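S.K.: Handing you this structure, nothing more for now.
The numbers here are math on the coordinates, done by the rules we state, and not lab data. Predicted, not measured: the structure shown is a model, and the values here were computed from it. Ideal geometry is used to build each Cβ from the backbone, glycine not excepted, and the neighbour counts take in all protein chains shown.
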Amino acid sequence: MAVTSVPSVSHLHRCSGELWVRAWSAVAVLFVLLLAFGKGFAYCGVPPLFVGEVVLAGTLLLVVRRGMSVPQGLAPLVALIFVVFGTVQLILDLFLEHPSLVEEVRGFALVYYSLYAMTVYAILCRMEARTSAAEVVDRLERALRRSTRWLVPVFFVLSAQLVTGRLPSPAWPGSGVRMLFTKATDVSVGLAFVLPFVAEGWRARRVGSRLTAVLWVAASLLVIARSRAAVLALCIGLAFTFGVRAVQIARAAAATALGYAILWVSGLHLKVGHRELSAAGLRDSVVAVFRPSSVGSNYAGTSDWRSNWWSNIWSDIHAQGMWARGTGWSTNLATRYLDPGNTAQQQQQFVALRLPHNIFFSVAGRAGLVAGVLFVLIGAVAVVASRPSRRVRALRSRPLADAFRVSVAAGLVVGLTDVYIESPQGGIVFWCGCGVLWWLVRPRRQPSTEL
């Protein structure tokens, strides 16, 4: 009896392991496609059941039924406190303010997407229990190396749309979002994420890998010319991939100077939206990060408009004492804090604008100052806690760890200048990255498998 039961137990164990691998595959495919196609893929589905909600519901159901590992550490604790604050805000809104349920859930998505971090953490813990942490990292890195080979060409094509104009594509039913929707800031986060694997391929000295690196540089130049936030995102990718030691900084400075000289000598002037890819254009994009008023109205105008918006929210937080509670998840912060103008077209644009292009002020204005601070800390603590150290180094210095540190840090920085994390393509990528970093730093019994 006991002998015959052994194969069945082994079979169940193997099937259970395959189930967790499939669950991870579903999340990983979603993550990669959101990086590749951004908003155009995020709105695949029928409102309110988009692809992100469907994958979250399926994986969360599996995790809850099979048992969930509780993340340990400061970063998950900060995230838990944020979720509590956000949920209390939701309950108070529903019972006291009676807002539009659709708008309230839409705003609350920033909070419930945190469940992606929990499910990713739980799935990776289950996979590790059947092999080892090193084996799981090896498996994930192999998959990401293969993905990088087609992600970079996709990023290049999408970036080229900024020059050639948008490719014709149909819209998703119900949402009206085009299936091919290019945004320079979204592409920049994807480019920063794959940089550790692009650099690894370059060092391998293969022709295909070198071509991938060339396409990466070309796509990066296009998004930098279009967006200041892209400059910051790619700088973060470079810093986490190559380090910030004097030798690496000198090499990066030399490479940048060489590239700038080539652009200047070639006299290239390529129109990228209302800006241009040229030596002067790249210089303006970098300078505008620190002094937008010194490089013309294309940069100063948007900076002044955002600064005024943020200032109005900050003043209201102080005046109304919005420390632990904000205006509500359904609040349109554009119509509340900005002059919508006199024409119907201007008013319609402000209704669609909604959020202040800054994740801190977006959360602080809707859920209170404490919630805004907590959200910024979630990403910052996760990145800092997962850095390599003398005591714990082996796998934290691997390309996988670098890539997900970059996805969280770059996503947070872009989110401080644009509506990125509030959107599904940014929110899901951000929270999945947090889940992977939580798993990397989880306590382990055996020192040899410590990350």
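S.K.: Using R₀ = 30 Å, calculate the FRET efficiency as 1/(1 + (r/R₀)^6) where r is the Cβ-Cβ separation of V29 and I81; round to 0.05. Let's see the in-between values first.
M.R.: Values: r = 31 Å, r/R0 = 1.04.
After rounding to 0.05, the efficiency reads 0.45.
S.K.: Moving to a separate point now. Could you tell me the center-to-center distance, by alpha carbons, between segment 200-225 and segment 119-156 in angstrom?
M.R.: Measuring centre to centre over Cα atoms gives 21 Å.
S.K.: Ok, one more. If the label point is 7 Å along Cα→Cβ of R106, which residues in segment 33-75 have backbone nitrogen under 13 Å from it?
M.R.: So the set is 47-48.
S.K.: If you count, for each residue, the other Cβ atoms within 10 Å and average over each peptide, how do 108-116, 94-102, 230-238 line up from highest to lowest?
M.R.: Numbers: 108-116: 21.3, 94-102: 11.3, 230-238: 24.4.
Per-residue mean Cβ counts within 10 Å order the peptides as 230-238, 108-116, 94-102.
S.K.: Given a Förster distance of 35 angstrom, what is the FRET efficiency for V373 paired with A57, based on the Cβ-Cβ distance and rounded to 0.05? Write out the running numbers ahead of the final one.
M.R.: Working: r = 30 Å, r/R0 = 0.86.
For R0 = 35 Å, the calculated efficiency reads 0.70.
S.K.: Given R₀ = 41 Å, what would the calculated FRET efficiency be for A319 paired with A171, taking r from the Cβ atoms and rounding to 0.05? List each step's numbers first, then the result.
M.R.: Working: r = 41 Å, r/R0 = 1.01.
Computed FRET efficiency for A319 and A171 comes out at 0.50.
S.K.: How many nm separate the modelled label positions at L94 and R149, each set 7 Å beyond the Cα in the direction of the Cβ?
M.R.: 4.8
S.K.: Can you pull the one-decimal nm distance between simple spin-label points at E18 and A385, each 7 Å off the Cα toward Cβ?
M.R.: Between E18 and A385, the label points sit 3.5 nm apart.
S.K.: Starting from the Cα gyration tensor of segment 28-169, take the square roots of the eigenvalues, sort them a ≥ b ≥ c, and report rounded, prolate or oblate (rounded when a/c is under 1.5, otherwise prolate if a/b is larger than b/c, else oblate).
M.R.: Numbers: a/c = 2.27, a/b = 1.10, b/c = 2.06.
It is oblate, given that a/c is not under 1.5 and a/b is not larger than b/c.
S.K.: Then there's this: Taking 0.36 nm per residue of separation and subtracting the Cα-Cα distance, what length does fully extending V157 through R205 add? Mind dumping the intermediate values first?
M.R.: Details: separation 48, 0.36 × 48 = 17.28 nm, distance 2.40 nm.
Extra length from V157 to R205 when fully extended: 14.9 nm.
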